Amino acid sequence: MRLEPINLHDYEARAKELLPYNVWNEVESGAMDEVTTRRNRTALEALVLKPRLLRDVQHRDLSTTILGTPVSMPVFVCPAGGHKIAHTDGEKATAQGAGMSGTIMVLSTGTNYSIEEVAEVATGPVWLQLNHRSKDLSQMLVRRAEEAGFKAVCLTVDSPVPVPQERSIRNRYDHPFERANFRGMNVKTGATVSATGDPFAWRPDAARLTWEEIDWLRSITPLPLVLKGIRGPEDALLAVEHGVNGVLVSNHGGRQVDMTLSSIESLPEIVETVNGRLELYLDSGIRRGSDVLKALALGVRAVGIGRPLFWGLAVGGAEGVHGILEILRKELDRAMAFCGQTSVQHLERGIVGIPRTWGLGEYDF
Ligand SMILES: Cc1cc2nc3c(=O)[nH]c(=O)nc-3n(C[C@H](O)[C@H](O)[C@H](O)COP(=O)(O)O)c2cc1C
């Protein structure tokens with residue numbers, strides 16, 4: 001008899017057995033030599049917790065709000081294209097799993113089920129993640145998200161050019177399912193499009209994305225705007241100045257540019273610069289409740305998980321995604337108790353120790 005997974009590593013191992021080789025590698029891989037992907041983990045592991053004892057920690061509250069939306073815990077599901085590769089119910093199952101855990105799912109632009117199909121079955125709050133390809137396409141997607149009752153728009157800003165994962169090039173991986181948000185549309189295709197006519201292979205406007213488009217996006221929707229992929233204090237400050245509501249500090253799980261700092265190493269300077277003027281979140285490498293606690297104590301409101309959602313889907317569809325989130329909930333809760341903390345909204349900074357050598361300030365640019 002197989003034992004239930006007791007942590008995210010168990011889910012990962014089980015998913016590896018279940019998924020086809022090329023799909024597994026597409027999910028797991030990072031860009032180029034995958035140094036940043038590994039660094040996301042080693043940096044989180046380099047942070048230490050300082051337990052505080054002899055405090056009453058009987059009652060612990062993991063609930064919070066994200067851009068005003070109540071969530072049962074400070075962990076959300078990151079946007080990722082094409083969930084059908086891990087489960088036939090794809091993003092519909094992910095939305096249900098997130099809903100069961102009372103938290104947000106960020107729906108990618110490049111999904112296998114459309115905005116409307118996911119909205120129909122979602123039981124929790126959903127955000128739209130936008131890959132800007134042209135103003136027409138972005139406006140069309142934002143309108144549909146508004147009509148579907150989505151709570152925010154999360155624009156990915158760290159992907160000016162496509163970065164095929166080298167493992168996937170070697171495996172000749174080509175996403176096998178349709179990108180449902182563009183079903184029946186004559187989205188620009190042509191010589192630069194991959195074998196399946198993937199509209200994401202054609203993205204000239206992604207390389208032209210600047211703060212002008214941020215102002216434009218602000219002007220076309222009343223929904224809160226989050227920028228995903230900010231890596232440093234300068235861009236975080238510009239986000240404040242351009243009236244952005246939230247910043248997701250992320251290096252895309254190391255899947256875009258290799259050789260950068262990990263997300264968690266980038267965080268302290270961003271927190272200091274932003275100084276509470278917008279909400280901060282973090283993803284890339286979160287695998288344990290103690291990772292969540294570390295990021296929160298350093299100043300983010302919530303964290304996201306990327307690859308683990310695919311592990312959950314592969315193992316058990318919606319139940320699997322729910323299972324992953326519930327493990328993180330339990331681990332976070334326990335880590336809080338050990339560190340003398342009773343509310344995720346009032347964590348003490350002093351429970352986390354950062355190596356003295358950390359941050360961009362330690363490098364000459
Ligand atoms: C298979 C896969 C597809 C992804 N697709 C997208 C996407 O469409 N848009 C996006 O902004 N981020 C995408 N991401 C990045 C995630 O949103 C997130 O930043 C990253 O996975 C977090 O790191 P982690 O996997 O270590 O948790 C993708 C990640 C994976 C693994």
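Derivation of every value follows stated rules applied to the coordinates shown; laboratory data play no part. If you're wondering where the values come from, they're calculated on a predicted model, not measured in any experiment. With ideal geometry, Cβ positions are generated from the backbone for all residues, glycine too; neighbour counts draw on all protein chains shown.
Things to note:
- The distance between label points at Met259 and Tyr363 comes to 1.0 nm (points 7 Å beyond Cα on the Cα→Cβ vector).
- nm² value of the averaged projected area, convex hull over the Cα atoms of the chain: 18.2
- Here is the list for the stretch 259-365: trypsin sites (Lys or Arg not before Pro) lying in DSSP coil, each with at most 15 other C-beta atoms within 10 angstrom of its C-beta, are Arg277, Arg356.
- Inter-part distance, the stretch 287-307 to the stretch 208-277, computed on C-alpha centroids, equals 17 Å.
- Footprinting exposure proxy for Lys228, Lys16 (fewest neighbouring C-beta atoms within 10 Å first): Lys16, Lys228
- Computed magnitude of the charge dipole of the chain (debye, nearest 20; Cβ of K, R +1, Cβ of D, E -1): 420
- Summing Cβ point charges (Lys, Arg +1; Asp, Glu -1) relative to the Cα centre of the stretch 228-352 gives a dipole of roughly 320 debye.
- Among Thr210, Thr65, Thr36, Thr273, the ranking by other beta carbons within 10 Å of each residue's beta carbon, starting with the fewest, stands as Thr210, Thr65, Thr273, Thr36.
- Of Asn22, Gln256, Leu130, farthest towards positive along the dipole that unit charges on Lys, Arg, Asp, Glu beta carbons give the chain: Asn22
- Proximity of backbone amide H atoms, modeled 1.01 Å from N, is registered between Ala302 and Leu282 at under 5 Å, excluding neighbours fewer than 5 places apart on the same chain.
- Shown for Met336, Met32: other C-beta atoms within 10 Å of each C-beta, ranked fewest to most, produce the order Met32, Met336.
- Computed helical MRE - 222 nm, the chain, DSSP H runs ≥ 4 contributing -39500 (n - 2.57), nearest 500: -11500 deg cm²/dmol
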